[in-house]
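Read the structure below first, then the notes.
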Amino acid sequence: MCRYCGGVASGPFHDLGEWARNALEVARFGGLDTGEESSPYEITQQSPTHRLRRYFPDSDPGRVAVILIPPMMLSRRSST
Amino acid sequence: MSPAVSAVAGLHRCGVDPWVVDSGEPAHEEGGLQRGLQDHLDAISESIDHVRADTGRRPYLVGYSQGGMFAYEVAVFRGNEGIAGIVTLGSPVDLKAMKPAGIPFEALVPAVEFLSNQVVGTRSLPSWASSTGFELLDPAGSLRKRVDFVLKLHDRDALASHEKRRRFLNGEGWVAWPGPSLLDMMVGLTRHNRFMTGGYEIDGHLYTLRGSEPAGAHGLGIRRCDRPSVVGEGVGTRGAALRGRRVRPAGGSLRVGGRIGGGGRDLAGGR
């Protein structure tokens, strides 16, 4: 569906318009907003060199605990 | 990261309680670029104690790439205390077998020694350098992905599922690598091919996992080990890495690293 004319979205002009709009978004913000949310977490320990994040802190107790350790040059976003 | 490819989201769906050791962004934190490997290992060790106290369970350590090396080193230092097991994903283990870039181990060690002592020193590696270096591992593939992205820019739906990952790999996910940490890593990775020959050097002392107490039993579906073992891509359990003596130092904190080929006791005789 064409967001501008209300009709069926198709054709090279529509594609060109979408391409330009998305390219502008990438140029301005570095990428496309996908609307995805990061997993919920809370910081349970903090020191000058690290923060320990517990994800899904409201989960039921008794689960097996796993500590994920990313490599030094990747941010913790690599696992979350 | 997209929920579809998020490790913590996936683990949570499988009934796991996921924690992450976040070292932040060293370039934007006070003293961040002066961090050494010992700072990272101390942080992980403190995290283990915290998780154990909080949950009453010994946690598993899951490290990917260099994170797997950290997991092994922390387990060695702690003599496996408080750790249920280790899983490593894509961590370098046997450099002799891997022959990175086709370079034999015997030639790799002096090359890394030179780079470490004469080039790296305590210089930090900026985040853009790590990102660029990663792309240069497969320049044709990286270029193809960029071209594909531009050609598909008109089709937002087609790009959406990979967009978070693309942004991550193209720069947002990389942080600066502190110089001392980089030097420590190069020492630990190359000296005596330690991950295969067994043990790890901390402050000039050799540590191994032999004699560590058996780990507790947990039904995680990941490998359960009598001792932390190395499990990963084409790696399997490295029994050799678990043989030898476990010796703990009198000192309390982790001390790792030094100059490759520099002073200190030659530990080649240890297993």
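Worth pointing out:
- Considering the stretch A:17-37, and only residues there that are at the interface with chain B (Cβ under 7 Å from one of its Cβ atoms) and among the aliphatic types (A, V, I, L, M), the residue that is surrounded by the most Cβ atoms within 10 Å (Cβ to Cβ) turns out to be A:32.
- Matching residues in the stretch A:8-39 - criterion: being at pLDDT 85 or above and under 19 Å from residue B:168 (Cβ atoms): A:22, A:25, A:26, A:27, A:28, A:29, A:30, A:31, A:32, A:33, A:39
- Counting only residues that are in a helix (DSSP H, G or I) and over 17 Å from the mean Cα position of the chain (by Cα), the stretch B:47-62 holds 7 of them.
- Residue count for the stretch B:150-165, restricted to those that are touching a Leu at 6+ places or on another chain (Cβ under 9 Å), crowded, with 18+ Cβ neighbours inside 10 Å and closer than 12 Å to residue A:31 by Cβ: 3
- Every listed requirement among (1) farther than 16 Å from residue A:46 by Cβ; (2) out of contact with any Ser or Thr (no Cβ under 8 Å at 6 or more places or on another chain); (3) within 7 Å of another protein chain (Cβ to nearest Cβ) is met by residue B:65 save one, (2).
- Some residue of the stretch B:159-172 being of a type in the set (A, V, I, L, M, F, W, C), free of Cβ contacts under 8 Å to residues at least 24 places away in the same chain and facing another protein chain (nearest Cβ under 10 Å): yes
- Failed item, numbered, when residue A:40 is tested on (1) within 22 Å of the chain's Cα centre (by Cα); (2) within 7 Å of another protein chain (Cβ to nearest Cβ); (3) of a type outside the set (A, V, I, L, M, F, W, C); (4) surrounded by fewer than 18 Cβ atoms within 10 Å (Cβ to Cβ): (2)
- Residue count for the stretch B:144-179, restricted to those that are within 30 Å of residue B:26 (Cβ to Cβ) and not in a helix (DSSP H, G or I): 6.
- Among (1) in a helix (DSSP H, G or I); (2) of a type in the set (A, V, I, L, M, F, W, C); (3) crowded, with 24+ Cβ neighbours inside 10 Å, the one test that residue B:111 misses: (3)
- Looking only at the stretch B:30-39, and only at residues there that are closer than 16 Å to residue B:125 by Cβ and in a loop (DSSP other than H, G, I, E, B), the one that is farthest from the chain's Cα centre (by Cα): B:35
The values are calculated or read from the model by the stated rules, or taken from the named source; none is laboratory data. Note that this is a predicted model, so its numbers are computed, not measured. Backbone-built Cβ (ideal geometry, glycine too); neighbour counts: all protein chains shown.
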